[in-house]
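Enquirer: Okay, handing you the structure first.
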Amino acid sequence: MPVRQLPPNPNLDHLKHQAKDLLRDHAARTPDTAQRIREFHPRFREATDAEIFGAKLSLSDAQLTIARQSGFLSWPRLKRHIERPTLTDRLDLPHHERIEDVVFRRAVDLIDKGDAQGLRAWLKQHPNLVHRHISFPGRNYFENPTLLQFVAENPIRHGTMPQNIVEITQAILDAGPTVAEREITLALVATGSVPQQCRQQVPLIDLLCDHGADPDSAMEPAALHGTFETLGALIRRGGQITLPIAATLGGIEDVRRLLPSADSRKRQVALSQAANLGRHEIVRLILDAGADPDRYNPLGGHSHGTPLHQAAGYGHLEVVRLFVERGAKLNQKDVLWQATPAEWAEHEGRTEVAAYLRAEERKRGAAG
């Protein structure tokens, strides 16, 4: 789920009121509140709605949720951002311009210039630099990167990358980043628009996999971003076709084969992907297997809405009809914008879908 970016002049008292509102909504047991807490409070990341509503939620819990929903690791860090901002807090600047560590900033400048020789010399001069992290508040990814992650240009900083980015990446890999950092970078490369546009995505995938990054670590992120060429490259490197990947690729026979053994999360991710891409028969198969049409999409997978929101927003009328036939809630609101599936369709200009959903809302209202 994207974070809610703070306004230019955030008010701490207003954020305190948001935390109190969250406590009230938790007491009211609204489903979107459970999803927000699950997404942004680390203690509840694997909890069910019932477990979240059954837990006692303190004001500090609510403040932590609000802070993380705003892209900050803690309430004190959010408070400091508002009361004593530093260069790192300049959310209007690209990430490289917010780096206060001069040694790290020099290395990023060398990456951006494509100066592989200078970068190797700088890394040799500062041998621990490859393991150093930079903290970036204000978003929920790229929040604590090491140097290697800057090669992916994801998030976008310049909109392009050096022609020798593979050589640049090799220089950093030779300095010994951890396997975890290689895999984080692999996911950023696999989901980034700039590496794809610059025709560097597949070469970087191959390089990172050659240096121990597990292709499976990037398969689901690539699927959720709909980068089919990337999926092909990862599969070629040994990435496994799981149920969400099969649903993304449209492989009905693979879906039938994998569905019985897939856990609840994989089924929900697959349902979200099939709805997102308009794969009607796959949606039917997963619903027949017992998936909940009203459950919010899992964390990491369009988690601010339900599969019906996704199908409506993309104008997949046949899929929308199927969800309605299966009794999906029409008045359920997404977590981010508090909009119903019909409102998603209207916002995206899907007039036929919006008209159908409005008609169904009237039918249900009359029947109720």
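Enquirer: Considering only C-alpha atoms, what is the centroid distance from the stretch 265-314 to the stretch 197-234, in Å?
Expert: With the stretch 265-314 and the stretch 197-234 each reduced to a Cα centre, they are spaced 23 Å.
Enquirer: Now for a different question. Using DSSP to call loops (not H, G, I, E or B), can you name the GluC sites (Glu not before Pro) in the stretch 19-78 whose Cβ has at most 11 other Cβ atoms within 10 angstrom?
Expert: Glu46
Enquirer: Quick one: which of Lys56/Lys329; Lys16/Lys56; Lys333/Lys363 span more than 24 angstrom between C-alpha atoms?
Expert: The pairs that break the limit, which is 24 Å between Cα atoms, are Lys56/Lys329.
Enquirer: Could you list Trp337, Trp75, Trp344 in order of exposure, starting from the residue whose Cβ has the fewest other Cβ atoms within 10 Å?
Expert: Going from sparsest to densest Cβ surroundings: Trp337, Trp75, Trp344.
Enquirer: Once you put a point 7 Å from the Cα of Arg80 and another 7 Å from the Cα of His96, both along the Cβ direction, what distance in nm separates them?
Expert: My value for the distance between the label points is 2.6 nm.
Enquirer: Additional query: Using the Karplus curve 6.51 cos²θ - 1.76 cosθ + 1.60 with θ = phi - 60°, work out ³J(HN,Hα) for each residue of the stretch 136-141 in order, rounded to whole Hz, and write x for Gly and Pro.
Expert: 10, x, x, 7, 10, 8
Enquirer: How much length is gained on full extension from Thr30 to His126, taking 0.36 nm per residue of separation minus their Cα-Cα distance?
Expert: Additional length available on full extension: 29.4 nm.
Enquirer: Sticking with this structure for a sec: Would you kindly state how much longer the chain becomes between Gln5 and His17 on full extension, computed as 0.36 nm times their sequence separation minus their alpha carbon distance, in nm to one decimal?
Expert: Using 0.36 nm per residue and subtracting the Cα-Cα distance, I get 2.6 nm.
Enquirer: Using Cα pairs under 8 angstrom and six or more residues apart, how large is the relative contact order of the chain, in percent?
Expert: That works out to 11 percent.
Enquirer: Could you rank the peptides 356-365, 178-187 by their average count of other C-beta atoms within 10 Å per residue, with the highest value first?
Expert: Taking the mean over residues of other Cβ atoms within 10 Å, the ranking is 178-187, 356-365.
Enquirer: Right, here's the next one. Would the stretch 245-367 count as rounded, prolate or oblate if I go by the C-alpha gyration tensor, calling it rounded below 1.5 in a/c and otherwise prolate when a/b exceeds b/c, oblate otherwise?
Expert: Here the stretch 245-367 falls in the prolate category.
Enquirer: Next question, about the same structure. Can you list the residues, at least 5 places off or on another chain, whose amide H is less than 5 Å from the amide H of Val3, using H built in the peptide plane?
Expert: Residues meeting the criterion, in which the H sits 1.01 Å from N, are Asn140.
Enquirer: Additional query: Just rank Val108, Val189, fewest to most, by other beta-carbon atoms within 10 angstrom.
Expert: Lowest count first: Val108, Val189.
Enquirer: Tell me which residues come under 5 Å, amide H to amide H, from Ala339 once H is placed; ignore anything under 5 positions away on its chain.
Expert: Amide H neighbours of Ala339, under 5 Å, 5+ apart: Asp334.
Enquirer: From the phi angles alone, apply the Karplus equation (6.51, -1.76, 1.60; θ = phi - 60°) to the stretch 33-39 and give each ³J(HN,Hα) in whole Hz, x where the residue is Gly or Pro.
Expert: Karplus-based 3J(HN,Hα) across the stretch 33-39 equals 5, 4, 5, 4, 5, 4, 6 Hz.
Enquirer: Moving to a separate point now. Can you grab the distance from the C-alpha centre of the stretch 97-176 to the C-alpha centre of the stretch 1-52, Å, no decimals?
Expert: Spelled out, the Cα-based centre of one part sits 33 Å from the other.
Enquirer: Below 8 Å between Cα atoms, with a sequence gap of 6+, how large is the relative contact order for the stretch 59-157 in percent?
Expert: 26 percent
Enquirer: Hey, rough spin-label estimate for Lys56 and Asp294, points 7 angstrom out along Cα→Cβ, what's it come to in nanometres?
Expert: Calculated label separation equals 3.0 nm.
Enquirer: From the Cα gyration tensor of the stretch 12-85, with a ≥ b ≥ c the square roots of its eigenvalues, which class applies: rounded if a/c is under 1.5, or else prolate if a/b is larger than b/c, or else oblate?
Expert: prolate
Enquirer: For the stretch 95-238, what is the relative contact order in percent, using Cα pairs closer than 8 Å and at least 6 residues apart in sequence?
Expert: Averaging sequence separation for qualifying contacts and normalising by length gives 20 percent for the stretch 95-238.
Enquirer: Rounded to the nearest 20 debye, what is the charge dipole size of the stretch 19-99 about its Cα centre when +1 sits on each Lys and Arg Cβ and -1 on each Asp and Glu Cβ?
Expert: Result for the stretch 19-99 is approximately 280 debye, rounded to the nearest 20.
A short reminder: the numbers here are calculations on the coordinates, not readings from a lab. As the structure is a prediction and not an experimental result, all values here were calculated from the model. Cβ sites come from the backbone with ideal geometry, for glycine too, and all protein chains shown count toward neighbours.
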